[in-house]
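K.L.:
This is the structure I want to talk about, given as structure tokens.
The values are calculated or read from the model by the stated rules, or taken from the named source; none is laboratory data. None of the values given here were measured: they were computed from a predicted structure. Here the Cβ positions follow ideal geometry from the backbone for every residue, glycine too, while neighbour counts run over all protein chains shown. Side chains are part of the model used for accessible areas, which takes the heavy atoms of the whole protein and leaves out ligands, DNA and RNA. Shrake-Rupley method; radii C 1.70, N 1.55, O 1.52, S 1.80 Å.
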Amino acid sequence: MPEPEKNVTVQDIEAIARKYPAEKRFALAIMQDVQREFSYLPQPVFEVIHRHIGTPVAHLYALATFYKALSLKPKGQNVIKLCDGTACHMRGASNLSKGIRAALDIEPGESSADGLFSLELVNCVGSCALAPVMVINETYYGKVTMESLPAIIAEHRRASCEDTAASCETEVVA
Amino acid sequence: MSLNISIDGKTCTCESGEFLLEVARRNGFYIPTLCAHESLSEQGCCRVCIVEIVSGERSQIVVSCVYPVERAIEVLTNSEKVKALRGMTLALLQKLAPASSLIAGMCKAYGAPELPRLEARADDDTCILCGLCVKACAQLGTGAIAAVNRGIEKKIATPYDQPSATCIGCASCAQVCPTGSIVVKQDAQERSIWGRTFTLLACDRCGVILDTTEAVAYAATLRDAPPEHLCPDCRKQQVAQAFVGVYGK
Ligand code: SF4
Ligand code: FES
């Protein structure tokens, strides 16, 4: 389990929750903000939101498990979305998934030990002509091959390492 | 405004806006239901209560438990179309709850088709995900359970599948569940539900079990009164005796 970037405290979450009026309809907005800030929803989030807007903890938890954009485990700094829609599947998305596993030792839904990457399988990103497609953060990569994959990952690893020197001691050679 | 409608050929009177299921039941018609519960508002999700409505050439399938009658209609509760669709609905519900004997029985009774090409959920699943339990718990004001995850992973659970701090062990969820899906274990002293064990309180006088300590305390906070320690019968007797003391000379 990768450590969350920051040590999340109840006070941090409360500060986010307090930006919103104490009304039930803001539950999702608060969770999105927390997700953006900490890259996941730490357990105390539900209790904090419950105290703020009154919605039961179980219902907030249900909401969080419904949306793919919210995650209960820390997501990596770089989120790899590998398309496994029909076109990408036919053009070898499963192979790429194996390639990512080999490079980062993660399965879909997991985050790498250094907290730099997490992998998600998605169904069609609407760029079938470029199949197989992989999206890292906001960048789209089309016609990805096993040969081009390591360089793409390395590029993001380098970018992250320049940002946060700390978490990058283990340069994995893919 | 009163309306006359025909159900399987019988003329029935009802108020405009009444739900069709209610009207049919009042007039002695049996329509199978799973997710309809008299004390919880319309769920309308199991779809086994469907009926056919005919007007002239046109016919329409409606969900009787949530269909408000607003004009004179002709209702068929057991037409060929209804039978076929109800059978299919039950067959699909059985894929959700393959271990439910209730659903299995209904499948048999209503001639549900086998659907060998569809994979069923886990062998021991009995939940049809109707959400009645969640509603009951929410309506009580506890809200300890909810439908978590989605798609084929959806299930009713407490947060993180952990014993819930808000659960009071009242077992209302288990009581409303149409398929008996929620496991409650109880002996003379304790009740276990949703992974947590609660101590039971007994009536001070006759020893009959009242509820869990937490449920009794919760009921007291709702009434803004001290927790009850007598069962309804003993409470009545006590009140009666008090009156005898005052007036009965
Ligand atoms: S446990 Fe019972 S009441 Fe709750 S959703 Fe499942 S079938 Fe419905
Ligand atoms: S009883 Fe009408 S939909 Fe379930």
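K.L.:
Would you kindly derive the ³J(HN,Hα) couplings of region B:196-204 from the backbone phi angles with the Karplus curve 6.51 cos²θ - 1.76 cosθ + 1.60 (θ = phi - 60°), listing them in order in whole Hz, with x for Gly and Pro?
P.N.:
With the stated coefficients, region B:196-204 comes to 10, 10, 10, 7, 8, 9, 10, 4, 4 Hz.
K.L.:
Can you check what the net charge comes to around B:K154, using other residues whose Cβ is under 15 Å from the Cβ of B:K154 (Lys, Arg +1; Asp, Glu -1)?
P.N.:
Result for the local shell: +2.
K.L.:
Taking region B:35-91, how much of its Cα-Cα pair set, in percent, is spaced more than 16 angstrom apart?
P.N.:
Of all Cα-Cα pairs in region B:35-91, 45 percent lie more than 16 Å apart.
K.L.:
Could you compute the net charge surrounding B:I5? Neighbours are other residues with a C-beta less than 9 Å from the C-beta of B:I5; K and R count +1, D and E count -1.
P.N.:
0
K.L.:
What is the interface area between chains B and A, defined as buried accessible area summed over both chains with a 1.4 Å probe, reported in Å² to the nearest 100?
P.N.:
Interface between B and A: roughly 1100 Å².
K.L.:
Then there's this: Could you work out the Rg to Rh ratio of region B:23-181, with Rh taken as the Kirkwood radius (inverse of the mean 1/r over all Cα pairs)?
P.N.:
1.01
K.L.:
At 222 nm, what helix-only mean residue ellipticity would the protein assembly as shown give, in deg cm²/dmol to the nearest 500, using -39500 (n - 2.57) for each DSSP H run of four or more?
P.N.:
Computed mean residue ellipticity for the protein assembly as shown: -10500 deg cm²/dmol.
K.L.:
Viscosity 1.306 mPa s, temperature 10 °C: Stokes-Einstein D of the protein assembly as shown from its Kirkwood Cα radius, in µm² per second? List each step's numbers first, then the result.
P.N.:
Details: Rh = 26.3 Å.
Answer, rounded: 60 µm²/s.
K.L.:
Checking buried surface per residue: for region B:118-167, which residues lose a minimum of 50 Å² accessible area in the protein assembly relative to the chain alone (1.4 Å probe)?
P.N.:
Flagged in region B:118-167: B:R150, B:P159, B:Y160.
K.L.:
Just list whichever of B:K155/B:K185; A:K68/B:K154; B:K81/B:K108; B:K10/B:K83; A:K73/B:K185 have alpha carbons separated by over 22 Å in the model shown.
P.N.:
A:K73/B:K185
K.L.:
While we're here: Just tell me how shielded A:148-156 is by partners: mean number of partner chain Cβ atoms within 10 Å of each residue's Cβ, no decimals.
P.N.:
Shielding by partners across A:148-156 averages 0.
K.L.:
Going from most exposed to least, what order do A:D12, B:D161 have by accessible area with a 1.4 Å probe?
P.N.:
Correct descending sequence by accessible area is B:D161, A:D12.
K.L.:
Right, something else. With viscosity set to 0.890 mPa s and temperature to 25 °C, compute the Stokes-Einstein D of region B:74-126, Rh being the Kirkwood radius across alpha carbon pairs; µm²/s, no decimals. Don't skip to the answer; put the middle values down first.
P.N.:
Working: Rh = 11.4 Å.
Once the numbers are plugged in, D ends up at 215 µm²/s.
K.L.:
On average, how many beta carbons from a partner chain sit within 10 Å of the beta carbon of a residue in A:50-62?
P.N.:
6
K.L.:
Can you give the average number of partner chain beta-carbon atoms within 10 Å of each beta-carbon in peptide B:234-243, as a whole number?
P.N.:
Other-chain Cβ atoms within 10 Å of each residue's Cβ, averaged: 0.
K.L.:
What's the FRET efficiency of B:R58 with A:Q32 using the Cβ-Cβ distance as r and R₀ = 45 Å, to the nearest 0.05?
P.N.:
It comes out at approximately 0.45.
K.L.:
Kindly work out what percent of the DSSP beta bridges joining two residues of the protein assembly as shown are antiparallel, to the nearest 5.
P.N.:
Antiparallel: roughly 80 percent of the beta bridges in the protein assembly as shown.
K.L.:
What is the distance, in nm, between label points placed 7 Å from the Cα along the Cα-to-Cβ direction at B:S39 and at B:A109?
P.N.:
Once both label points are built, they end up 2.4 nm from each other.
K.L.:
Let me ask you something else. What residues have an amide H closer than 5 Å to that of B:S164, excluding those fewer than 5 places away on the same chain, when H is modeled at 1.01 Å from N in the peptide plane?
P.N.:
It is none; the list stays empty.
K.L.:
With a ≥ b ≥ c the root eigenvalues of the C-alpha gyration tensor of region B:1-110, is it rounded (a/c under 1.5), prolate (a/b larger than b/c) or oblate?
P.N.:
Values: a/c = 2.29, a/b = 1.61, b/c = 1.42.
Prolate is the answer for region B:1-110, as a/c is 1.5 or above and a/b outweighs b/c.
K.L.:
What ranking, highest mean first, results for peptides B:54-60, B:217-223, A:96-102, B:200-206 when packing means the other Cβ atoms within 10 Å averaged over each residue?
P.N.:
A:96-102, B:200-206, B:217-223, B:54-60
K.L.:
Output needed: percent of Cα pairs per 10 Å distance bin for region B:192-238, bins running from 0 to the one holding the longest distance.
P.N.:
Result returned by the calculation: 27, 50, 20, 2.
K.L.:
Another question about this same structure. Mind jotting down the three principal axis lengths of region A:49-100 based on Cα atoms? Whole angstrom, largest first.
P.N.:
48, 24, 12
K.L.:
Rounded to the nearest 0.05, what FRET efficiency do A:A151 and A:Y67 have when you use their Cβ-Cβ distance and R0 = 25 Å?
P.N.:
0.15
K.L.:
Now for a different question. Could you calculate the contour length gain from A:Y20 to A:N137, that is, 0.36 nm times the residue separation minus the distance between their Cα atoms, to one decimal place in nm?
P.N.:
Separation in residues times 0.36 nm, less the Cα-Cα distance, equals 39.4 nm.
K.L.:
Moving on to the next point. Give me, ordered by chain and number, the residues 5 or more places off B:I7 or on other chains with an amide H under 5 Å from its own placed amide H.
P.N.:
Here B:C12, B:V75 satisfy the definition.
K.L.:
Another one. At B:A217 and A:A159, where each label point lies 7 Å from the Cα along Cα→Cβ, what is the point-to-point distance in nanometres?
P.N.:
5.3
K.L.:
Which whole-Hz ³J(HN,Hα) couplings does region B:66-73 yield from phi under the Karplus relation 6.51 cos²θ - 1.76 cosθ + 1.60, θ = phi - 60°, glycine and proline marked x?
P.N.:
Going residue by residue, I get 10, 9, x, 7, 10, 8, 5, 10 Hz, with x marking Gly and Pro.
K.L.:
Follow-up. Quick one: how many Å² of B:R196 are accessible to a 1.4 Å probe, rounded to 10?
P.N.:
The accessible area comes out at roughly 60 Å².
K.L.:
Moving on. I want to verify the translational diffusion coefficient of region B:165-217 in µm²/s; compute it with Stokes-Einstein, Rh as the Kirkwood radius over Cα pairs, at 25 °C and 0.890 mPa s.
P.N.:
213
K.L.:
Still on this structure, please answer the following. Taking each pair of different alpha-carbon atoms in chain A once, compute 1/r for the pair, average those values, and report the inverse of that mean as the Kirkwood hydrodynamic radius in Å to one decimal.
P.N.:
17.4
K.L.:
Apply the Karplus curve 6.51 cos²θ - 1.76 cosθ + 1.60, θ = phi - 60°, to the phi angles in region B:37-44 and return the couplings in whole Hz, x for Gly and Pro.
P.N.:
Those phi angles translate into 9, 4, 9, 10, 5, 3, 9, x Hz.
K.L.:
Looking only at GluC sites (Glu not before Pro) in DSSP loops with at most 15 other Cβ atoms within 10 Å, what is the longest site-free stretch of chain A?
P.N.:
Counting at most 15 other Cβ atoms within 10 Å as exposed, the longest clean stretch of chain A is A:24-137.
K.L.:
Which one, B:I31, A:M31, B:L90, is farthest towards the positive end of the dipole of the protein assembly as shown when Lys and Arg carry +1 and Asp and Glu -1 on their Cβ?
P.N.:
B:I31
K.L.:
Return the whole-Å distance between the Cα centroid of region B:121-135 and the Cα centroid of region A:51-101.
P.N.:
Cα centroid to Cα centroid, the span is 24 Å.
K.L.:
Using modelled backbone amide H atoms (1.01 Å from N, in-plane), which distant-in-sequence or interchain residues come within less than 5 Å of B:F198's amide H?
P.N.:
Amide H neighbours of B:F198: B:R191, B:S192, B:I193.
K.L.:
For B:Q238 and B:S2, calculate 0.36 nm times their separation in residues minus their Cα-Cα distance, and state this gained length in nm to one decimal. Can you show the working numbers first?
P.N.:
Numbers: separation 236, 0.36 × 236 = 84.96 nm, distance 4.67 nm.
The span from B:Q238 to B:S2 would gain 80.3 nm if fully extended.
K.L.:
Here's something else I'd like to know. Can you give the Kirkwood hydrodynamic radius of region B:143-249 from its Cα pairs, in Å with one decimal?
P.N.:
Values: mean 1/r = 0.0621 Å⁻¹.
Hydrodynamic radius (Kirkwood, Cα pairs) of region B:143-249 is 16.1 Å.
K.L.:
Pick out, from A:S112, A:L72, A:I136, the residue whose Cα sits farthest towards the positive end of the charge dipole of the protein assembly as shown, with +1 on the Cβ of Lys and Arg and -1 on the Cβ of Asp and Glu.
P.N.:
About the Cα centre, the residue reaching furthest to the positive side is A:L72.
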